[in-house]
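First up is the structure itself, then whatever we jot down about it.
The values are calculated or read from the model by the stated rules, or taken from the named source; none is laboratory data. All values reported here derive from a predicted model rather than from experimental measurement. Glycine also receives a Cβ, built like all others from the backbone with ideal geometry; neighbour counts cover every protein chain displayed. Note: areas computed on protein heavy atoms with side chains; ligands, DNA, RNA excluded. Shrake-Rupley method; radii C 1.70, N 1.55, O 1.52, S 1.80 Å.
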Amino acid sequence: MNLPAGAPGGWTDTPLEVTLPRAGTYELDADVRGRLIGNAPFNSYIVARLWDATSGAEVPQSERLVYQIIDNRTDNALDGGNATAPISELIKVTGPTTIRLQAEAVNSYGAASTSQIYSDSVGYTALSYDRVGP
């Protein structure tokens, strides 16, 4: 999924979400693969977080830096790559709750030409849960 680039605070919903079926304590686990490509010089990064769509609030302390490229060369050379960041958090809910993965791409200077949350046969972005208590 392509991410629009912008200033911090430009969170984008991804299609990846889970519904916690009932009240209880859940362990949330995500692997978030980010992909950046651009021409130097640029400094771009992708961050991701878990969003409680039911209450309209971030899952506390779930924000992670997924991937960053800082390339100060002035030769306009192509640079890029990808990385995967884990997110593991406990959440207690009082009823059915939808948790969604959100991400944002930020260009500090210059600009990435490609900013994506990515999945393919060599690595997937995934979100899962396990009920661990009442």
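Compute, for the stretch 21-70, the length of the dipole vector about the Cα centre, with Cβ point charges of +1 (Lys, Arg) and -1 (Asp, Glu) only. Units Debye, rounded to 20.
180 debye
Which whole-number value in Å² is the accessible area per residue of the chain, probe 1.4 Å?
Heavy-atom SASA per residue in the chain reads 50 Å².
Looking at the P(r) of the stretch 22-97, how many percent of alpha-carbon pairs lie beyond 21 Å?
Value for the stretch 22-97: 43 percent of Cα pairs lie more than 21 Å apart.
Over the chain, what is the relative contact order in whole percent, taking alpha-carbon pairs under 8 Å and six or more residues apart?
46 percent
So if we plug the beta-carbon distance of ARG73 and TYR124 into 1/(1 + (r/R0)^6) with R0 = 35 Å, what FRET efficiency do we get, rounded to 0.05?
0.65
Which is farthest toward the positive dipole end of the chain among ALA83, PRO134, ILE70, measuring Cα position about the Cα centre, with Cβ charges +1 (Lys, Arg) and -1 (Asp, Glu)?
Comparing the listed Cα positions along the dipole, PRO134 ranks first.
So if I place +1 on the C-beta of Lys and Arg and -1 on the C-beta of Asp and Glu, and nothing else carries charge, what would the dipole magnitude of the stretch 1-127 be about its Cα centre? I want it in debye, nearest 20.
100 debye
Where the centre of each part is set by its Cα atoms, how far does the stretch 81-96 sit from the stretch 12-60, in angstrom?
7 Å
Taking all protein chains as present, what is the carbon and sulfur share of the accessible area of the chain, in % to the nearest whole number, probe 1.4 Å? Don't skip to the answer; put the middle values down first.
On the way: 3300 of 6660 Å².
It is 49 percent, rounded to a whole number.
Of GLN61, GLY10, THR97, which is farthest along the charge dipole of the chain in the positive direction, counting Lys and Arg as +1 and Asp and Glu as -1 at C-beta?
THR97
Using a 10 Å cut-off on Cβ atoms, rank the peptides 52-65, 27-40, 91-104, 73-86 from the highest mean neighbour count down.
27-40, 91-104, 52-65, 73-86
³J(HN,Hα) across the stretch 112-124 via Karplus (A = 6.51, B = -1.76, C = 1.60, θ = phi - 60°), whole Hz, x for Gly/Pro?
6, 7, 10, 9, 9, 8, 10, 8, 7, 5, 9, x, 10
State whether the chain is rounded, prolate or oblate according to the following rule on the C-alpha gyration tensor (a ≥ b ≥ c being the square roots of its eigenvalues): a/c under 1.5 gives rounded; otherwise a/b larger than b/c gives prolate, and the remaining case gives oblate. Walk me through the numbers before you get to the answer.
On the way: a/c = 3.02, a/b = 2.35, b/c = 1.29.
Judged from the Cα gyration tensor, the chain comes out prolate (a/c at least 1.5, a/b above b/c).
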